[in-house]
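Take a look at the structure below.
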Amino acid sequence: MIESDPDDDVVLAPIGDLMRLMRRLRDPETGCPWDIKQTFASISAYTIEEAYEVADAIARESWDDLEDELGDLLLQVVFHARIGEEQGLFDLGTVARAIHRKLVRRHPHIFAVGTSTDETAQRAIWETIKAEERRRKAERTDTAFSALSGVARTIPPLQRAHKLQERAARVGFDWPDTAQVWDKLLEEIREVEEVIDRPDARLAQEEEIGDLLFTIVNLSRHLKIDPDQALRRANEKFERRFGEVERQATERGKDVEALPLAALETFWAAAKVLEKSTGPDANDVTKRQDPGAERNE
């Protein structure tokens, strides 16, 4: 049993208020028409969007925004729980109890006597417990168990590729070193080259591009680089530099759309030089969080 804290009631009271508010909004007779008609499926996109807005606030180190976005995400949890309660499936209490039990179960080094406190051992125990949970879930739902079970199909493709590769690696299905992944990447590039000029091979082009992206994720994993974060930083760098291109055009009284490509490329080269001389990292909070991260060229 985990001891209660004197402040628990202060924290839990607003959650109770939120639950009652959602019950009121979903009341078939007196509630909000929009809230009443929502389903698990109809609000799932909002749930994903709110999670991304939480991540964005963290990346920007905007703690006021983070508080606000966490509230929006909590609303999604309460919303789903209310729909589940109405359908007799679960409620916020059963959801909280389930995650409480799971956390206790996955932390035997905290709640069990005589278990190892070594971090490596803890990680191994954590993964073993998770694998057993997936196995039991497969038995309960009468589905075939796989080392890849439980990797949600709805998560962003780069993240899903990374998770699938991690799962396969845990059972020994992995390239032994980065050099072999690099060779595989070059092979995939050649296969893209073979179909790139064939307008009749649209499906083949898509397949080969997919294989190339999957291999790039694999290379990132071997280098211990988060592919999502790497692409996010590349996006931000492109935005900064293109913004400078637009600024240079405006400064000269020109419209970007009316300029020839050669002029835009000149502005782009100048934007790169300017960025390197002024140092974008000074205003880039994502890079301040990782001082060792290098800017890709």
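All of (1) of a type in the set (Asp, Glu); (2) assigned to a helix (DSSP H, G or I); (3) loosely packed, with under 15 Cβ neighbours inside 10 Å hold for Glu69 with one exception: (3). The set of residues in the range 125-156 being closer than 14 Å to Val171 by Cβ, not in a loop (DSSP other than H, G, I, E, B) and not polar (S, T, N, Q) consists of Glu127, Lys130, Ala131, Arg134, Arg135. Restricting the range 182-224 to residues that are β-branched (Val, Ile, Thr) and over 25 Å from the mean Cα position of the chain (by Cα) leaves a set whose member that is surrounded by the most Cβ atoms within 10 Å (Cβ to Cβ) is Val195. For beta carbons closer than 7 Å, sequence separation of 6+ or different chains, a first residue in the range 263-276 that is outside the structural domain of Gly243 (by TED's automatic domain parsing) and a second that is of a type in the set (Lys, Arg) and in a helix (DSSP H, G or I), there are no qualifying pairs.
Scanning the range 165-181 for residues that are part of a helix (DSSP H, G or I) and buried (at least 16 other Cβ atoms within 10 Å of the Cβ) yields Gln165, Arg167, Val181.
Look at the range 76-100: where a residue is assigned by TED's automatic domain parsing to the domain that holds Ser42 and more than 18 Å from Ile2 (Cα to Cα) and a partner is of a type in the set (Ser, Thr, Tyr) and crowded, with 16+ Cβ neighbours inside 10 Å, sitting 6+ places away or on another chain with Cβ atoms under 7 Å, you get Gln76/Thr47.
Determine, yes or no, whether Ile48 is modelled with pLDDT under 95, out of contact with any Leu (no Cβ under 6 Å at 6 or more places or on another chain), β-branched (Val, Ile, Thr) and assigned by TED's automatic domain parsing to the domain that holds Gln76. The answer is yes for Ile48.
Quick grid of which residues meet (1) in a helix (DSSP H, G or I); (2) over 18 Å from Pro156 (Cβ atoms); (3) in contact with a helix residue (DSSP H, G or I) (Cβ under 8 Å, 6 or more places away or on another chain):
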| residue | (1), (2), (3) |
| --- | --- |
| Glu187 | yes, yes, no |
| Val192 | yes, yes, yes |
| Pro199 | no, yes, no |
| Leu203 | yes, yes, no |
| Ala230 | yes, no, yes |
| Ala234 | yes, no, no |
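Please tell me if Leu89 is closer than 30 Å to Leu18 by Cα and assigned to a loop (DSSP other than H, G, I, E, B). So Leu89 passes the test.
Within the range 231-246, is there a residue that is of a type in the set (Asp, Glu), on the phi < 0 side of the Ramachandran plot and not assigned by TED's automatic domain parsing to the domain that holds Glu275? There is no residue in the range 231-246 that is of a type in the set (Asp, Glu), on the phi < 0 side of the Ramachandran plot and not assigned by TED's automatic domain parsing to the domain that holds Glu275.
Filtered by the rule that a residue be surrounded by fewer than 14 Cβ atoms within 10 Å (Cβ to Cβ) and either part of a helix (DSSP H, G or I) or at pLDDT below 95 (or both), the range 27-43 gives Pro33, Trp34, Ile36, Lys37, Phe40, Ala41, Ser42. Annotation: of all residues in the range 209-238 being polar (S, T, N, Q) and more than 11 Å from Thr178 (Cβ to Cβ), the one that is modelled with the lowest pLDDT is Gln229.
The values are calculated or read from the model by the stated rules, or taken from the named source; none is laboratory data. Values in this document were obtained by computation on a predicted structure and should not be read as measured data. Ideal geometry is used to build each Cβ from the backbone, glycine not excepted, and the neighbour counts take in all protein chains shown.
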